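These notes are about the structure you will find just below.
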Amino acid sequence: MKRLIGWLLGTGASLRRRGRLLSTNGVGAGAGAGFEFKFKFTLTPFAPSSAQRVSKCLALFALSLGTAHAADFDYRLTARPIAENVYAFIGKTEDFDTVNGGNIVNTAFIVAAQGVIVIDSGPSLRYGQQMRRAIAAITAKPVALVINTHHHPDHFLGNQAFADVPIAALAETRNGIAADGNAFAENLFRMSGDWMKGTEVQAPTQTLSAGRLDVAGRRLRLVALDGHTGADLVIVDETSGVVFAGDLVFNGRAPTTPHADVAHWLKALDQLDALTREAGFKLLLPGHGAPTGDAAPIRQTRAWLSWLSAAMRDAAKAGLDMNEVLARPLPPEFASLPVAASEYRRSVGHLFPAAEQEALGAKP
Amino acid sequence: MKYPLTIAAIALAALMPPAEAAALRESGDPLASARWSEMQKAFLAGAPVLFDPRVKVIAPSTAENPMQVPVTVDATALPGVVEVVVFADFNPIIQVLRFFPESAPAFLGFRVKLQQSTPVRAAARTADGVWHVGGTWVNTVGGGCTAPSAAGGSKEWQQRLNEVSGRQWSEGPNAGRVRLRIVHPMDTGLVAGTPAFFLEEINFADAAGQRLMRVQTYEPVSENPVFTLNRGVADGALEASGRDNNGNAFKTRIAQ
């Protein structure tokens with residue numbers, strides 16, 4: 001069966017990398033209806049000949065689809081100027097799949113006086129390499145530092161392309177990458193297929209802490225928050241007025257919650273909100289979705305999280321079983337948000353057990 | 001047995017809504033699982049079988065977390081259920097649990113560990129000896145049974161083993177509902193160096209000592225299991241008691 005799945009994803013690498021999936025994975029199953037369809041056909045181990053025939057057909061079909069979209073594995077990254085000497089690569093507001101190759105994330109770079117500061121490195125080795133080429137097309141200056149805002153795979157799996165330069169993150173982010181990095185990578189091989197070819201975890205080599213950071217002739221302010229994960233780094237570039245919010249802020253896409261502490265996250269959003277009220281503030285770059293000159297995406301993220309945690313609490317208090325919580329419709333204000341339905345279902349898995357425990361009077 | 005069942009099936013169908021009646025069938029697994037005939041031999045041997053839409057198995061079509069896949073079995077539309085066996089065709093340990101509704105409705109919610117994509121089925125035996133089978137496919141990426149339990153890493157369960165928390169709802173849309181959580185690692189024995197260690201039996205009784213439901217649980221039930229029952233009516237305190245395969249017992253009273 002594993003072999004058949006490997007064919008369907010069009011990759012031997014995903015097959016080798018496909019190991020056990022830990023419950024802590026940042027992104028769970030959920031590639032959508034097409035994915036389910038494939039699985040049903042692969043699960044007929046006692047009729048190998050017909051199963052293989054069907055699977056070969058499907059594999060050919062998948063390949064022909066692949067040629068149209070992704071055969072060159074080119075993310076077509078275009079550096080978008082968002083402020084003077086500050087550029088971003090804006091990803092799609094989708095979930096990981098074999099068409100987008102995991103380009104669902106925002107990464108960025110600052111062209112400083114003596115070099116380039118890279119903020120997050122994307123979901124794969126290929127992304128990191130292509131990002132580095134796109135940076136080189138803008139400036140001849142060398143990359144001075146790569147910063148990973150947090151330990152989710154779409155933000156650090158491109159590190160390999162920057163293995164020759166210092167890579168820095170908060171201590172807790174470094175721990176998270178060391179503990180979960182391989183499991184994350186395995187999961188992305190499964191979801192994004194051959195786009196991931198050759199990707200290995202390149203852990204950060206330096207530890208950052210909150211406060212001022214002078215790098216390549218640029219003064220950055222590092223704000224260490226948490227809530228989306230155990231450590232979420234916000235970077236304020238005082239020269240340009242850009243606030244790099246990481247995944248504490250989602251714009252036009254439902255937030256993900258696999259390692260979320262919603263109460264902490266809401267507090268972090270208050271602090272981010274304060275940063276956007278500072279005199280020098282010009283632009284907010286969310287981890288996912290378009291940059292904005294205001295705090296609207298902060299409000300949007302807060303609205304989703306507040307509703308979500310209240311919904312979990314109320315459902316647990318009302319005595320609902322997890323399947324009944326999953327079946328609840330989304331309120332109209334969120335129903336049209338991209339990937340809202342799938343993120344809601346995931347979040348029930350992440351957040352409902354704790355709400356349930358509280359409602360049942362269990363110790364945390 | 002074939003002929004009388006056919007008559008029984010026709011009689012049943014006449015009493016059911018047309019869509020459900022059309023879904024009743026005596027052969028041909030609606031989930032098209034290659035293991036169905038083995039499942040039938042293992043769990044329903046020798047008894048008549050009817051695929052019956054009144055036995056509802058609710059689970060997500062894609063499991064976010066293979067260690068905690070929510071499953072709700074609702075056979076309350078089927079009168080006279082004496083036993084329900086829940087199994088997953090492609091799990092390394094196939095049998096999930098059995099429950100005997102006795103004086104409670106044939107409804108149970110719980111969570112399971114699934115190792116790979118599989119049908120999850122409930123077979124409900126009625127007093128006439130017929131197994132009424134329902135089920136659904138759950139797609140999952142694996143690791144549910146051979147990944148270590150989270151508690152295995154923390155060891156916290158050693159101090160809190162069999163700690164029970166629970167609640168009854170006496171008003172609102174879920175009046176008569178009981179939910180219960182038990183601290184237990186539910187080790188499958190499939191993780192190297194960790195022997196099977198799991199709850200085997202849970203009994204629910206009312207304040208007068210009359211049993212509402214008996215549940216036999218097996219290794220695939222998730223760590224720190226949570227159960228949802230419907231008593232139908234809110235009727236005083238409830239006593240839950242049980243034990244694991246190492247003889248550790250628990251007994252707790254859940255107030256009205």
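The values are calculated or read from the model by the stated rules, or taken from the named source; none is laboratory data. Keep in mind that this is a model prediction, so the values were computed, not measured. Cβ sites come from the backbone with ideal geometry, for glycine too, and all protein chains shown count toward neighbours.
With the structure loaded, tell me whether residue A:240 is touching a residue at least 12 places away in the same chain (Cβ under 8 Å), over 22 Å from residue A:152 (Cβ atoms) and either hydroxyl-bearing (Ser, Thr, Tyr) or not assigned by TED's automatic domain parsing to the domain that holds residue A:172 (or both) or whether it fails that test.
yes
For segment A:130-141, how many residues are of a type outside the set (D, E, K, R) and exposed (fewer than 13 other Cβ atoms within 10 Å of the Cβ)?
Number satisfying all stated conditions: 2.
Of these, B:189, B:172, which one is within 13 Å of chain A (Cβ to nearest Cβ) and either over 19 Å from residue B:110 (Cβ atoms) or without any contact (Cβ under 8 Å) to a residue 40 or more places away in the chain (or both)?
On inspection, the qualifying residue turns out to be B:172.
What about residue B:42, is it touching a helix residue (DSSP H, G or I) at 6+ places or on another chain (Cβ under 6 Å), in a helix (DSSP H, G or I) and away from chain A (no Cβ under 14 Å)?
The answer is no for residue B:42.
Looking at residue A:273, is it at pLDDT 95 or above and in contact with a His (Cβ under 7 Å, 6 or more places away or on another chain)?
Spelling it out, it is not the case that residue A:273 is at pLDDT 95 or above and in contact with a His (Cβ under 7 Å, 6 or more places away or on another chain).
Considering segment A:290-345 alone, what residues qualify as being free of Cβ contacts under 8 Å to residues at least 24 places away in the same chain, among the charged types (D, E, K, R) and more than 30 Å from residue A:83 (Cβ to Cβ)?
A:314, A:321, A:324, A:328
Sort out for me the strands (runs of 3 or more DSSP E) sitting completely within segment B:202-256 that have 1 or more residues that are of a type in the set (Phe, Trp, Tyr) and crowded, with 19+ Cβ neighbours inside 10 Å.
Correct list: B:226-230.
Which of the residues spanning segment A:205-251 are among the polar types (S, T, N, Q) and assigned to a strand (DSSP E or B)?
If the condition is that a residue be among the polar types (S, T, N, Q) and assigned to a strand (DSSP E or B), then A:206, A:207 are the ones that fit.
Each row is one residue, and each column tells you yes or no for (1) surrounded by fewer than 22 Cβ atoms within 10 Å (Cβ to Cβ); (2) on the phi > 0 side of the Ramachandran plot; (3) of a type outside the set (Gly, Ala, Ser); (4) out of contact with any strand residue (DSSP E or B) (no Cβ under 8 Å at 6 or more places or on another chain).
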| residue | (1), (2), (3), (4) |
| --- | --- |
| B:34 | yes, no, no, yes |
| B:38 | yes, no, yes, yes |
| B:45 | yes, no, no, yes |
| B:52 | no, no, yes, no |
| B:55 | no, no, yes, no |
| B:60 | no, no, yes, no |
| B:63 | no, no, no, no |
| B:67 | no, no, yes, yes |
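Restricting to segment B:201-231, and then to whatever is within 14 Å of another protein chain (Cβ to nearest Cβ) and over 28 Å from residue B:115 (Cβ atoms), can you tell me which residue is modelled with the lowest pLDDT?
B:231
With segment A:252-364 as the region, which helices (runs of 4 or more DSSP H) entirely inside it contain at least 3 residues that are within 14 Å of chain B (Cβ to nearest Cβ) and surrounded by fewer than 23 Cβ atoms within 10 Å (Cβ to Cβ)?
By residue number, A:296-317, A:322-326, A:340-359.
Restricting the search to segment B:237-255, which residues are over 11 Å from residue B:199 (Cβ atoms) and in contact with a strand residue (DSSP E or B) (Cβ under 6 Å, 6 or more places away or on another chain)?
B:237, B:238, B:239, B:240, B:241, B:251, B:252, B:253, B:254, listed by residue number.
Please name all residue pairs, on different chains or six or more residues apart, with Cβ atoms under 7 Å, provided the first residue is in segment B:30-53 and is without any contact (Cβ under 8 Å) to a residue 60 or more places away in the chain and the second residue is of a type in the set (Ser, Thr, Tyr) and surrounded by 15 or more Cβ atoms within 10 Å (Cβ to Cβ).
Note: pairs meeting the criteria are B:34/A:44.
Quick one: in segment B:122-160, which of the residues that are assigned to a loop (DSSP other than H, G, I, E, B) and at pLDDT 75 or above is nearest to the other protein chains (Cβ to nearest Cβ)?
The qualifying residue nearest to the other protein chains (Cβ to nearest Cβ) is B:140.
Would you confirm whether or not segment A:148-158 contains a residue that is among the hydrophobic types (A, V, I, L, M, F, W, C) and more than 14 Å from the chain's Cα centre (by Cα)?
No: zero hits.
Return yes or no: is residue A:244 crowded, with 19+ Cβ neighbours inside 10 Å, within 14 Å of the chain's Cα centre (by Cα) and within 20 Å of residue A:89 (Cβ to Cβ)?
No.
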